[in-house]
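A.B. asks: Dropping the structure in here first, questions after.
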């Protein structure tokens, strides 16, 4: 019997080729989109899952939302780790990782090999106890005790040492010698981009600093004992921190430590400050998952719509089968077998399409996703399950409808008056509304995401980032003679200006406190600190609103002058830029020899707010000052007339001062482009999947329009005989569907506004949602629908009415 069902299903599919093609194409595209998105989402959910006992590992961060400028700050004081280790019996292991630039280049030398490598960090000895990464060579035990030891990744070892065991061999990092103690295996699903780990002792941090409660410079992880409660540990740690006295404010700390589960680190940390780890975004994962469901629903609705529309043609078939004794359950099984066969064919095509498109998706997302049903039996099982679910979802209701026709009525050609037909029509109309509501929703989202991403790339940042060559200083000679180095760079043809400092836009900046007078009292304010030189303002074209920039003509500028931005003027209570001039400021100098020394000076100028961080964050109150001890990076403004020649000349100057270090540079505008890489990819993916959703919806609409024209062909023939124009016929057939599109727009508009409003809240600087986007989306959807319908309507209108009426 089952064989007979599939034989009939096979004949039905080939008998109605157009119907079969539309359904197979729609389902295949829908399933392909679902599979591609599903692979991406699954990959995103795998981060840190490989770490043994990872369910007991937590990352500690500070919730500082109680402050006026509240935020989530990842680095915490060193005493957090010390306290957790000494005062909590629930804790098994604690590891502190010194906050470094994971993406900073470190010169690595082994024999004649010289190369820059990223991913260096300094860590407590418990790193490999918390993160139990497998070792290829050596042992994790006591690997991070000796200050001269280093543990490297297998990828690093392959690049530097080749295929040999490097344990015990020497390697130089930034001209300092280390002995390799072990090689760990890397995993691209680890949220820390670690390439080589050094003992904390190698960082030579002053012991008194390691006892600080306010020096937030460490990523801290804690591994709890089996059965220990993270909530209990977090609550007790908050009590201990709350009892500590902030030495600068002379009051208890308002830090709130939070224990974040390891499995949430990658996807739930998008808003963290000073987080240099690899991050995803749960919002985008959820959004893509919803889009996948939307596309699959649209494809399933297509089948339901077309199957019920075609029920008129199969009514007599049902009547004959029932008249000769077929039961309703047999008919349901018959029609479900047709649906399952069609779905199976669609899934087979979708599998081929997914395999074909996956390499492009991997390249686009920088992932290494795989899709091979022959090597992954669970994937094959998933596809079979998907076939069953989609087949039943799409075919169950049409099967009930078709099997429910009464043989007496349908054999008298009375289907058109069957009470079930009206309900079928309302169902089709409802599904069309849902399909296009989802499509219009995606169109609106795509438009708004496109505008926001364009805004991020094109917003006036308050400085000029174009044609600025940017690199890190290297070697004692360059640091010791930075003024001479700078002057030599300034003589290069094509160089307009040069600035050396710490805190350039798009690069690392420092957060610290500044002391200002408020109502007769000395008050500490948290600010961003930019350590600049005399040419910083000129090189970046930052606008000075009041006062003057730093100048060598004023000998006191180095020791007794500050500049601030507009936000600092407001936050420090100065009122206007002009009123801020001359106001005294104090800063506790970064000085290990005398940590209590203060730099006292006055505000000499106020600059217009400029965005040195991404537009996810608001502009902080910012203080600029000259502090050569922190100088680290060089920005070279070039005129662009001969870029390659200027770069060669800059490189020649570099080689005079640091011949042992290869120069490695980027351009500042490229650095800013990288900040919005995730949004750029979301924009592209949203356009692609929106296009797929609209195409699938139009496939269904195309089929429905064809059946509507077929059903009303005699009416069209009569109207043509009575003198109706082709345009009248097109309007007649289009009106019903276009009304449904209007209803769909009214449903989609508020849903899209709510979704996009929530998404835009992630950005400190964002566009307003323009009303015209909704109008355009509605018009685009209506136009696409009209073009789809009018083809079939015009085709029906051009048929000779004699052909439709000659059998009457």
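A.B. asks: Just a yes or no: is a residue in the stretch 637-645 buried (at least 16 other Cβ atoms within 10 Å of the Cβ), modelled with pLDDT of 90 or more and outside any loop (DSSP other than H, G, I, E, B)? Even if it seems obvious, please write down each step before you answer.
C.D. replies: First, pick out the residues of the stretch 637-645 that are buried (at least 16 other Cβ atoms within 10 Å of the Cβ): 637-638.
From what's left, modelled with pLDDT of 90 or more: 637-638.
Retained after the next criterion (residues that are outside any loop (DSSP other than H, G, I, E, B)): 637-638.
There is at least one residue in the stretch 637-645 that is buried (at least 16 other Cβ atoms within 10 Å of the Cβ), modelled with pLDDT of 90 or more and outside any loop (DSSP other than H, G, I, E, B).
A.B. asks: Any residue that is surrounded by 14 or more Cβ atoms within 10 Å (Cβ to Cβ) and modelled with pLDDT under 80 - is there at least one of those in the stretch 339-351?
C.D. replies: Yes, the stretch 339-351 contains a residue that is surrounded by 14 or more Cβ atoms within 10 Å (Cβ to Cβ) and modelled with pLDDT under 80.
A.B. asks: For the stretch 79-94, does any single residue satisfy the condition of being more than 21 Å from residue 229 (Cβ to Cβ), in a strand (DSSP E or B) and either modelled with pLDDT under 95 or not assigned by TED's automatic domain parsing to the domain that holds residue 665 (or both)?
C.D. replies: Taking every residue of the stretch 79-94 in turn, none turns out to be more than 21 Å from residue 229 (Cβ to Cβ), in a strand (DSSP E or B) and either modelled with pLDDT under 95 or not assigned by TED's automatic domain parsing to the domain that holds residue 665 (or both).
A.B. asks: Okay, moving on. Would you confirm, using the coordinates I've provided, whether residue 512 is in a loop (DSSP other than H, G, I, E, B) and either closer than 26 Å to residue 621 by Cα or out of contact with any helix residue (DSSP H, G or I) (no Cβ under 8 Å at 6 or more places or on another chain) (or both)?
C.D. replies: No, not satisfied.
A.B. asks: Would you say residue 104 is under 20 Å from residue 204 (Cα atoms) and either in contact with a helix residue (DSSP H, G or I) (Cβ under 9 Å, 6 or more places away or on another chain) or not assigned by TED's automatic domain parsing to the domain that holds residue 229 (or both)?
C.D. replies: On the way: under 20 Å from residue 204 (Cα atoms): yes; either in contact with a helix residue (DSSP H, G or I) (Cβ under 9 Å, 6 or more places away or on another chain) or not assigned by TED's automatic domain parsing to the domain that holds residue 229 (or both): no.
No; evaluated as a whole, the condition is false for this residue.
A.B. asks: I've got another one for you. Kindly indicate whether residue 779 is out of contact with any helix residue (DSSP H, G or I) (no Cβ under 8 Å at 6 or more places or on another chain) and at pLDDT below 90.
C.D. replies: Spelling it out, residue 779 is indeed out of contact with any helix residue (DSSP H, G or I) (no Cβ under 8 Å at 6 or more places or on another chain) and at pLDDT below 90.
Rundown of residues vs (1) part of a helix (DSSP H, G or I); (2) under 33 Å from the mean Cα position of the chain (by Cα), yes/no style:
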{"site": "648", "(1), (2)": "yes, no"}
{"site": "652", "(1), (2)": "yes, no"}
{"site": "656", "(1), (2)": "yes, no"}
{"site": "661", "(1), (2)": "no, no"}
{"site": "666", "(1), (2)": "no, yes"}
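A.B. asks: Something else now. Look through 805, 751 and report the one residue that is farther than 20 Å from residue 453 by Cβ, surrounded by 14 or more Cβ atoms within 10 Å (Cβ to Cβ) and either touching a strand residue (DSSP E or B) at 6+ places or on another chain (Cβ under 6 Å) or modelled with pLDDT of 70 or more (or both).
C.D. replies: Being farther than 20 Å from residue 453 by Cβ, surrounded by 14 or more Cβ atoms within 10 Å (Cβ to Cβ) and either touching a strand residue (DSSP E or B) at 6+ places or on another chain (Cβ under 6 Å) or modelled with pLDDT of 70 or more (or both) holds for just one of 805, 751, which is 751.
A.B. asks: Identify all residues within the stretch 193-220 that are surrounded by fewer than 21 Cβ atoms within 10 Å (Cβ to Cβ), closer than 27 Å to residue 49 by Cα and touching a strand residue (DSSP E or B) at 6+ places or on another chain (Cβ under 8 Å); write none if there are none.
C.D. replies: 195, 217
A.B. asks: Which condition number in (1) free of Cβ contacts under 8 Å to residues at least 40 places away in the same chain; (2) closer than 26 Å to residue 255 by Cβ is the one that residue 580 fails?
C.D. replies: Just one mismatch for residue 580, condition (2).
A.B. asks: Name the strands (runs of 3 or more DSSP E) wholly within the stretch 530-618 that hold at least 1 residues that are surrounded by 21 or more Cβ atoms within 10 Å (Cβ to Cβ) and at pLDDT 90 or above?
C.D. replies: Where strands (runs of 3 or more DSSP E) fall fully within the stretch 530-618 and carry at least 1 residues being surrounded by 21 or more Cβ atoms within 10 Å (Cβ to Cβ) and at pLDDT 90 or above, they are 561-565, 584-588, 598-607.
A.B. asks: Looking at residue 33, is it touching a helix residue (DSSP H, G or I) at 6+ places or on another chain (Cβ under 8 Å), loosely packed, with under 15 Cβ neighbours inside 10 Å, in a helix (DSSP H, G or I) and modelled with pLDDT of 65 or more? Let's see the steps before the verdict.
C.D. replies: On the way: touching a helix residue (DSSP H, G or I) at 6+ places or on another chain (Cβ under 8 Å): yes; loosely packed, with under 15 Cβ neighbours inside 10 Å: no; in a helix (DSSP H, G or I): yes; modelled with pLDDT of 65 or more: yes.
So residue 33 fails the test.
The values are calculated or read from the model by the stated rules, or taken from the named source; none is laboratory data. What you see is a predicted model, and the numbers here were worked out from it, not measured in a lab. Heads up, the Cβs are rebuilt from the backbone with ideal geometry, glycines too, and the neighbour counts pull from every protein chain shown.
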